[in-house]
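Next up is a structure, given as structure tokens.
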Amino acid sequence: MINMSEIVNKLNTVGWYKTNVKDVLNQDGLDLFNKNIEFFNGMLEDEFIQKQLYDVQTNPLERMEASGGKPFEITHYAYIKEPLTLNNSSFIKLFLNDFFTNVATEFLEVSNPKMFNVIAYLNSWNYKYGRMHSQNWHRDREDFKLLKFFIYYNDVTEDSGPFEYVPESFCGGKMITNNGKSNYWDYASDNENRANPTPQELELCEKNRVTFTGKAGDIIITNNSGFHRGGFVKDGNNIRVTSHALFIKPDAVMIKDPLSSFNYEPHKINYIDFESSEFNNLKDKQKYFKR
């Protein structure tokens, strides 16, 4: 039985919670999870994706431009050449399962949280190139309280780029450097380089981090306004296979710009036709979008 109060309490106190699909999803959710595994199996077998994985290991500069600054990350777009929709995959539908929407509603304390940025991706890397971009400690900046779900689709070891998080570092958390900060702009001002840690914060990140190795089906839930990093694959023979989704309040700081709509990058990330029968057939509770 799902203990929602335990989940929300841990998110509010340390900033993270970990579980597994088999412990929290109903059969419909598990069926969608298994369909996502089939999607990734096809992606990994694709010749173009195999070439991209080779380039990650041998020529990250070539990957840099194609990936928007994350050469270690290969998203669904590289495989299907279109955004995720309600029709071409099961990723959006999975994150609309009651478990995810219930956690978002309870944690964000709103009846209508908004979902963004549903991505399916592979992480690979050659450790000799060092950490880059989101492999370094940073905060997400959509709001001071936000919710990110990560799902692993393969076993993740220390060598295959586990997600890492710093407890109590979220905005308003008990991390010592948070003292005296009272609102979003205290954490995200340009004067503080917006998302990057200070030297003192960096020391605390390295000292207090939690490393999320795990099994296929593990779900990692975080308030990603806290410091986190991921995707630093130490062994090129390992790949981390993941999907994620973001939930935020309907009045979140960045809800207008750049997140003016769920379809804010409709050619590469997500697209839903809000007049379509597929959308209209969703349960009212599942329509967690900003048009």
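Readers should treat all values here as calculations from the given coordinates under stated rules, not as data from a laboratory. Given the structure is predicted, the values throughout are model-derived calculations rather than measurements. In this analysis, Cβ positions are derived from the backbone assuming ideal geometry, glycine residues included, and neighbour counts consider all displayed protein chains.
Take the Cα of S182, step 7 Å along the line toward its Cβ, and report every residue of region 231-272 whose backbone nitrogen sits under 16 Å from that point.
So the set is empty, nothing qualifies.
For N112 and T13, calculate 0.36 nm times their separation in residues minus their Cα-Cα distance, and state this gained length in nm to one decimal.
Separation in residues times 0.36 nm, less the Cα-Cα distance, equals 33.3 nm.
What number, rounded to the nearest 500 deg cm²/dmol, is the helix-based mean residue ellipticity at 222 nm of the chain, given -39500 (n - 2.57) per DSSP H run of at least four residues and division by all its residues?
-9000 deg cm²/dmol
Then there's this: Under 4 °C and 1.567 mPa s, how fast does the chain diffuse according to Stokes-Einstein, given a Kirkwood radius computed over C-alpha pairs? Answer in µm²/s, whole number.
Diffusion coefficient, whole number: 67 µm²/s.
Moving on to the next point. In terms of Cα to Cα distance under 17 Å, which aspartates and glutamates are near enough to K249, apart from those fewer than 8 places away along the same chain?
E106, E109, D140, E142, D143, D257
Quick one: compute the contact order of the chain, relative version, from alpha carbon pairs under 8 angstrom and 6+ residues apart, as a percent.
In percent, rounded to a whole number, it is 29.
Compute the separation of the alpha-carbon centres of region 110-187 and region 214-254 and state it in Å as a whole number.
After rounding, the separation between the Cα centres reads 6 Å.
Hey, fewest Cβ within 10 Å first, where do D218, D186 land in order?
With the fewest neighbours first, D218, D186 line up as D186, D218.
If you count the DSSP beta bridges with both ends in the chain, what percent of them are antiparallel, to the nearest 5?
Of the beta bridges lying entirely in the chain, close to 95 percent run antiparallel.
For a 31 Å ceiling on Cα separation, which of these pairs sit above it: K174/K268; K51/K93; K10/K128; K174/K283?
Where the Cα-Cα span goes over 31 Å, the pairs concerned are K174/K268; K10/K128; K174/K283.
Okay, moving on. Let's see if you can work this out: charge +1 on each Lys and Arg Cβ, -1 on each Asp and Glu Cβ, no other charges. What is the dipole magnitude of region 4-286 about its Cα centre, in debye to the nearest 20?
480
Select from G69, M254, N270 the residue farthest towards the positive end of the dipole of the chain; place +1 on Cβ of Lys and Arg, -1 on Cβ of Asp and Glu, and compute about the Cα centre.
Going by the Cα projections, it comes out as M254.
I've got another one for you. Arrange the following residues from fewest to most other Cβ atoms within 10 Å of their Cβ: R240, R131, R141.
R131, R141, R240
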